[in-house]
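K.L.:
This is the structure I have questions about; it appears just below.
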Amino acid sequence: MTTALAVRDFVAAFVLLNAVIAVVTYVTLLERKFAARMQSRIGPYRVGPHGLLQPIADALKLMMKEDVVPATSDRWVFNLAPLVFLIPCVLIFATIPFAPGLGLADLNIGVLFFLAVSALEIVGLFMAGWGSNNKYALLSAMRAVNQIISYDLPFIFAALIPVVLGGTLRLGGIVEAQRGLWFVAYPLLGQLGFLAYLVAMIAAENRVPFDILEAESELVAGFRVEYSGMKFALIQLAEYAHVIGTSYLGALLFLGGWLGPGPAWLGLIWLSLKALAVFLLVTWVRWSFVRIRVDQILGISWKLLLPATLSLLLVAAAVVAYSGGARGA
Amino acid sequence: MSGYVGVAIFAGLILAFGVVSLGAAALLRPFRPNAAKLGNYECGTEPIGSAWVQFPVGFYLVALMFIVFDTLAVFLIPWALVLRSLGPGGFWAMALFVGIIGLGWAYAYREGILEWK
């Protein structure tokens, strides 16, 4: 019996891993196309019809590239960093339910698991920056640590608003609690909470306008400046996986997850469309705004987002405590 | 606990994917190192000294603030789960706790720790 369960888990994990890698690979193409359209370009077009084979060509190219390890780097740290970075970034998908009962493990601590594992990415990132023994990389890594400890808090508090309203950490339960009204539609609280979640998410993903650790005009590419070949590919893959995973979490927490019109089997499509919408919103921001300074980034987090998300959380808690539930249930 | 077996298997598979793809790349790629290629990249100039230097203390103050609020989050998560059964009493207890930490936050704000110089 346990063997059968383990086999089922293995198959589920294998399918999920392949799905994540496939989706992430093609999301890079989507982002490039999207960015190109925003800048009146066409984007990748040569490899396959409309550039559809571009991600595969990129993967093959990166695989064939020489792997340069700087002579002065800390070899072990440098070489292990991409793996340490990859694992938490993809592992966040483990607890995401894609439809009722469809997912690897809808843990009863789902949100906590997601937040904890997602914050672990900083270990790999700092290893990459430190191990390179490169000034750009180290500056980038220090900025990354500073940013994650500033933005993880608003991220946690914003993600806790749906938890308070739904009364559970299980992601499936949070979606079911939104059956009457998606949390984003909850008057004022939902919209402000979702906005705070988006800002904290963009900062936690280190994307424009919070990408001071990448800052191609000053730090070249930041912590990954010394990486080449497959190690670079793994870092890129992990980073995109993290963005997609956080988009899925946003769709589950605020946008009603798999809830939508039509039969139940459409749930996976609804959830993916919502996650895609969140991702495209983040991408839209990325290609529209300019990078802001370090002190501004810290100021936004500590002076505005942190007290704002904590207050929103307390307001949500007051609603729940006095009405006995988000929907008076 | 069965859910965690799947999570552990998933973590193992991710590691396996990383190792296998790095291994496959190691078999396919060229390896032609030279001194200039193995130097640290600093836009073409020779790097002066090591990058492993000391950093200003400002980082630690922000980190201290982080630990305080992260501990708050640890208390908030179980509280959020049982809030419905606790009722208004539970809400006011946590509101008081957050208020005390908020005083600390206001003090840090006034002392200028939240400014980045």
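For (1) in a helix (DSSP H, G or I); (2) surrounded by 14 or more Cβ atoms within 10 Å (Cβ to Cβ); (3) more than 7 Å from every other protein chain (Cβ to nearest Cβ); (4) not hydrophobic (A, V, I, L, M, F, W, C), each residue gets a yes or a no:
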position	(1), (2), (3), (4)
B:Ala11	yes, yes, no, no
B:Ile14	yes, yes, no, no
B:Leu22	yes, yes, no, no
B:Ala26	yes, no, yes, no
B:Arg32	no, no, no, yes
B:Gly49	no, no, yes, yes
B:Thr71	yes, no, yes, yes
B:Val74	yes, no, yes, no
B:Ala80	yes, yes, no, no
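K.L.:
Specify the residue that is surrounded by the fewest Cβ atoms within 10 Å (Cβ to Cβ); the eligible residues are those in region A:303-318 that are out of contact with any Leu (no Cβ under 7 Å at 6 or more places or on another chain) and facing chain B (nearest Cβ under 10 Å).
P.N.:
In this case the residue turns out to be A:Ser311.
K.L.:
Let me ask something additional. Quick check: anything in region A:91-103 at the interface with chain B (Cβ under 10 Å from one of its Cβ atoms), more than 30 Å from B:Trp52 (Cα to Cα) and part of a loop (DSSP other than H, G, I, E, B)?
P.N.:
Yes, region A:91-103 has at least one match.
K.L.:
Yes or no: region A:283-302 includes at least one residue that is closer than 22 Å to A:Phe157 by Cβ, within 12 Å of chain B (Cβ to nearest Cβ), in contact with a Leu (Cβ under 6 Å, 6 or more places away or on another chain) and at pLDDT 85 or above.
P.N.:
yes
K.L.:
To continue, here is another question. Name the single residue, out of those in region A:111-133 being of a type in the set (Val, Ile, Thr) and either more than 10 Å from chain B (Cβ to nearest Cβ) or outside any helix (DSSP H, G or I) (or both), that is nearest to A:Ala81 (Cα to Cα).
P.N.:
Ranking the candidates gives A:Val123 first.
K.L.:
Can you report the number of residues in region A:34-65 which are among the aliphatic types (A, V, I, L, M), free of Cβ contacts under 8 Å to residues at least 12 places away in the same chain and away from chain B (no Cβ under 14 Å)?
P.N.:
So the count comes out to 5.
K.L.:
If only one of A:Leu160, A:Leu165, A:Leu192, A:Leu181 is hydrophobic (A, V, I, L, M, F, W, C) and either touching an Asp or Glu at 6+ places or on another chain (Cβ under 8 Å) or modelled with pLDDT under 85 (or both), which one is it?
P.N.:
A:Leu181
K.L.:
Give the residues of region B:82-117 that are aromatic (Phe, Trp, Tyr) and either crowded, with 16+ Cβ neighbours inside 10 Å or touching a Gly at 6+ places or on another chain (Cβ under 8 Å) (or both), sorted by residue number.
P.N.:
Of everything in region B:82-117, those that are aromatic (Phe, Trp, Tyr) and either crowded, with 16+ Cβ neighbours inside 10 Å or touching a Gly at 6+ places or on another chain (Cβ under 8 Å) (or both) turn out to be B:Phe91, B:Trp105, B:Trp116.
K.L.:
If a residue must be charged (D, E, K, R) and in a helix (DSSP H, G or I), how many such residues does region A:293-316 contain?
P.N.:
Residues in region A:293-316 being charged (D, E, K, R) and in a helix (DSSP H, G or I): 2 in total.
K.L.:
May I ask you to list the residues in region A:66-84 that are in a helix (DSSP H, G or I), touching a Phe, Trp or Tyr at 6+ places or on another chain (Cβ under 9 Å) and at the interface with chain B (Cβ under 10 Å from one of its Cβ atoms)?
P.N.:
Listed by number, the list holds a single entry, A:Pro82.
The values are calculated or read from the model by the stated rules, or taken from the named source; none is laboratory data. Small disclaimer: the values here were computed from a predicted structure and weren't measured. Cβ: placed from backbone, ideal geometry, glycine included. Neighbour counts: every protein chain shown.
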